[in-house]
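The values are calculated or read from the model by the stated rules, or taken from the named source; none is laboratory data. All values reported here derive from a predicted model rather than from experimental measurement. Heads up, the Cβs are rebuilt from the backbone with ideal geometry, glycines too, and the neighbour counts pull from every protein chain shown.
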Amino acid sequence: MAATRNVDGLRSMVAGGVMTPGDPGYDTARALWNGSFDRRPAVITCCRSAADVAAAVGFAEANGLEISVRGGAHSFSGASAGDGGLMIHLGSMSTVQVDPEGRRARVGGGATWGDVDAATQEHGLAVTGGVLSDTGVGGLTLGGGMGWLANRHGLSIDNLVSAEVVLADGRVVRASESDEPDLFWALRGGGGNFGVVTAFEYRLHQVGPEVQFGLLFWEVERGVDGLRACREAARTLPSDYGMLIGGGLSAPEAPFVPEEHHGKIGHALLVAGYGSADEHAHAIDAVREMCPPLFEFLTPMPYTAMQQLFDPELQPGTWMYDKGLYLAELTDDAITVMTERAPGKTDPLSFMPMFALHGAVSEVGDDATAYGGLRTPNFVVDVSGASNDPDRFVADREWARSTWDALRPLAGNAGSYVNFISELEDDERVRASYGPAKYGRLAQIKAEYDPGNLFHRNANIKPV
Ligand code: FAD
């Protein structure tokens with residue numbers, strides 16, 4: 001194979017090291033977060049710098065190897081590892097440099113949100129990231145990036161100031177509002193299509209260190225009323241509250257869940273508040289009055305603890321299949337579908353998380369970034385079939401697909417948050433996710449920066 005013949009030359013060019021099958025560390029490096037993928041790249045380049053990445057890109061092109069880019073390895077489609085190709089492994093590029101006075105962070109392209117939160121919270125600062133600490137900054141940001149801070153400070157991309165990018169031709173450029181502005185626009189929502197980002201520069205905000213967390217849970221028998229209360233909460237709670245609705249959630253065996261309710265299926269409202277404990281309790285009173293929950297859990301906690309709250313439940317190696325949708329409204333019809341479908345899952349890990357986005361997300365213009373989602377208040381739905389047992393995973397993957405089919409007529413189109421797409425070759429859904437105008441502009445920018453579509457293991461935009 002060409003790759004293994006020439007790989008010695010590559011070794012001398014990549015400071016972080018190069019692995020091929022059989023090398024120590026190869027199996028760890030190729031492993032993805034999602035246990036349903038078992039892919040074997042021919043070459044893994046462990047990059048430490050933009051120069052390492054440029055060498056890897058050049059080598060892959062010269063040897064006809066398909067490139068995969070691995071940030072935090074969380075992609076639902078397993079995009080970050082391909083059989084027989086070249087993996088650009090960014091795990092060593094995880095440094096986070098914080099400028100507390102300027103409220104900026106420069107973050108390595110392979111960092112996780114845990115790395116970012118730890119470094120920024122030392123100064124009482126933060127930027128919108130995901131709700132799990134081991135998700136990668138790279139993939140999450142490039143698709144949009146939503147989490148507890150989105151309604152307060154916008155999506156991750158809304159806080160991106162600049163990016164250092166290795167392009168398909170090996171050049172290293174800075175993209176910002178003033179440098180390579182088209183590329184900068186495309187990076188903010190267009191995914192990994194345009195190059196390898198070796199550093200992200202974010203605007204930071206004062207957050208915490210203590211925040212207010214709340215969880216209210218309604219059993220599925222009262223699920224319709226519970227979800228109606230969630231819908232009302234999205235309209236009436238302070239607009240900067242972070243809000244995640246756990247449709248069809250199984251009550252975890254956690255200390256804050258009364259033992260008799262462990263494993264019960266229902267809907268949950270999870271909120272993050274940024275005021276005092278009293279303000280939080282008062283805001284939650286209004287939701288409680290709409291529909292008294294079966295149980296609830298309200299507590300102040302450090303921001304970094306909230307960012308790790310789901311880590312114990314969702315461990316690397318989980319088998320997971322996800323299918324997303326945007327709902328402009330959480331209508332009674334959607335509520336009925338979710339409530340009827342919830343008991344059909346077989347594994348406690350499967351559920352339908354929904355981000356309720358509004359506030360700062362809606363203050364950014366639709367055309368300001370390439371993000372394919374709605375900027376008007378909306379619900380970003382993810383139907384997730386997940387298990388640690390491969391047989392149950394197959395059953396719940398079907399549950400996720402059929403639940404999505406039932407919800408699909410209630411959404412404007414088949415489009416989804418591109419980070420919630422599990423099928424790599426789903427061209428139709430990628431186009432639907434951006435809509436013709438944005439897709440057209442992205443395809444032109446793709447033609448300028450990656451005309452040969454070297455970076456295609458992603459929610460792929462075909463160059464014009
Ligand atoms: P990878 O698998 O490493 O990368 C995915 C793709 O992103 C790559 O194939 C590549 O195309 C691109 N990419 C990654 N890094 C770079 C880079 N530095 N330069 C160029 N391209 C790059 N999303 C949210 O918005 N909010 C959440 O709270 C959230 N929670 C999640 C929880 C779990 C358990 C999982 C599995 C996913 C979650 N997601 C969430 C979805 C997440 O945004 C996507 O899975 C995203 O792709 C993860 O990025 P990654 O770097 O970890 O993934």
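The table below gives the values:
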{"quantity": "Residues located in the stretch 129-148, provided they are of a type in the set (Ser, Thr, Tyr), more than 6 Å from the ligand (Cβ to nearest atom) and either crowded, with 24+ Cβ neighbours inside 10 Å or part of a helix (DSSP H, G or I) (or both)", "calculated": "THR141"}
{"quantity": "Segments classed as strands (runs of 3 or more DSSP E), wholly inside the stretch 289-375, with at least 1 members that are under 17 Å from TRP404 (Cα atoms), aromatic (Phe, Trp, Tyr) and assigned by TED's automatic domain parsing to the domain that holds PRO238", "calculated": "319-327, 352-357"}
{"quantity": "Tally, over the stretch 261-287, of residues that are at pLDDT below 95, surrounded by fewer than 19 Cβ atoms within 10 Å (Cβ to Cβ) and assigned to a helix (DSSP H, G or I)", "calculated": "7"}
{"quantity": "Of all residues in the stretch 81-105 being within 14 Å of TYR202 (Cβ to Cβ) and surrounded by fewer than 13 Cβ atoms within 10 Å (Cβ to Cβ), the one that is nearest to the ligand (Cβ to nearest atom)", "calculated": "GLN97"}
{"quantity": "Failed condition for ARG48, given (1) basic (Lys, Arg); (2) more than 16 Å from the ligand (Cβ to nearest atom); (3) closer than 19 Å to GLY192 by Cα", "calculated": "(2)"}
{"quantity": "Number of positions in the stretch 28-43 that are crowded, with 22+ Cβ neighbours inside 10 Å and touching a residue at least 60 places away in the same chain (Cβ under 8 Å)", "calculated": "2"}
{"quantity": "Close pairs (7 angstrom Cβ cut-off, 6 or more residues apart or separate chains): in contact (Cβ under 8 Å) with a residue 40 or more places away in the chain and under 13 Å from LEU357 (Cα atoms) in the stretch 148-170, acidic (Asp, Glu) and assigned to a loop (DSSP other than H, G, I, E, B) anywhere", "calculated": "ASN151/ASP240; ARG152/ASP240"}
{"quantity": "Meets criteria (free of Cβ contacts under 8 Å to residues at least 24 places away in the same chain, within 15 Å of the ligand (Cβ to nearest atom), in contact with a strand residue (DSSP E or B) (Cβ under 9 Å, 6 or more places away or on another chain) and under 26 Å from GLN315 (Cβ atoms)) for SER68", "calculated": "no"}
{"quantity": "Cβ pairs under 7 Å, 6+ apart, first in the stretch 421-448 and outside any helix (DSSP H, G or I), second at pLDDT below 95", "calculated": "ILE421/ARG429"}
{"quantity": "Helices (runs of 4 or more DSSP H) wholly inside the stretch 149-237 containing at least 2 residues that are in contact with a Lys or Arg (Cβ under 9 Å, 6 or more places away or on another chain) and either more than 14 Å from the ligand (Cβ to nearest atom) or among the acidic types (Asp, Glu) (or both)", "calculated": "181-187"}
{"quantity": "The stretch 116-128, subset more than 10 Å from the ligand (Cβ to nearest atom) and crowded, with 22+ Cβ neighbours inside 10 Å, residue farthest from GLY71 (Cα to Cα)", "calculated": "LEU125"}
{"quantity": "Entirely in the stretch 1-105, the strands (runs of 3 or more DSSP E) that have 2 or more residues that are out of contact with any Lys or Arg (no Cβ under 7 Å at 6 or more places or on another chain)", "calculated": "43-46, 67-70, 96-99"}
{"quantity": "Filter pass, ALA50 being farther than 16 Å from ASP83 by Cα, small (Gly, Ala, Ser) and not assigned by TED's automatic domain parsing to the domain that holds ASP322", "calculated": "yes"}
{"quantity": "Of residues in the stretch 212-256 being aliphatic (A, V, I, L, M) and out of contact with any strand residue (DSSP E or B) (no Cβ under 8 Å at 6 or more places or on another chain), the one surrounded by the fewest Cβ atoms within 10 Å (Cβ to Cβ)", "calculated": "ALA254"}
{"quantity": "Pairs where the first residue, in the stretch 90-115, is of a type outside the set (Gly, Ala, Ser) and the second is within 11 Å of the ligand (Cβ to nearest atom) and assigned to a strand (DSSP E or B), C-beta under 6 Å, 6+ apart", "calculated": "MET93/GLY108; THR95/GLY108; VAL96/VAL107; ARG106/ALA199; VAL107/PHE200; THR112/GLY136"}
{"quantity": "Test: TYR417 is surrounded by 19 or more Cβ atoms within 10 Å (Cβ to Cβ), touching a Lys or Arg at 6+ places or on another chain (Cβ under 8 Å), hydroxyl-bearing (Ser, Thr, Tyr) and closer than 23 Å to THR141 by Cα", "calculated": "no"}
{"quantity": "Within the stretch 422-464, tally of residues that are away from the ligand (no atom under 15 Å from the Cβ), closer than 20 Å to ALA175 by Cα and among the acidic types (Asp, Glu)", "calculated": "1"}
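Okay, residues lined up against (1) on the phi > 0 side of the Ramachandran plot; (2) in contact with an Asp or Glu (Cβ under 6 Å, 6 or more places away or on another chain); (3) not acidic (Asp, Glu):
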| site | (1), (2), (3) |
| --- | --- |
| GLY124 | yes, no, yes |
| THR128 | no, no, yes |
| VAL131 | no, no, yes |
| ASP134 | no, no, no |
| GLY138 | no, no, yes |
| GLY143 | no, no, yes |
| ASP158 | no, no, no |
| SER162 | no, yes, yes |
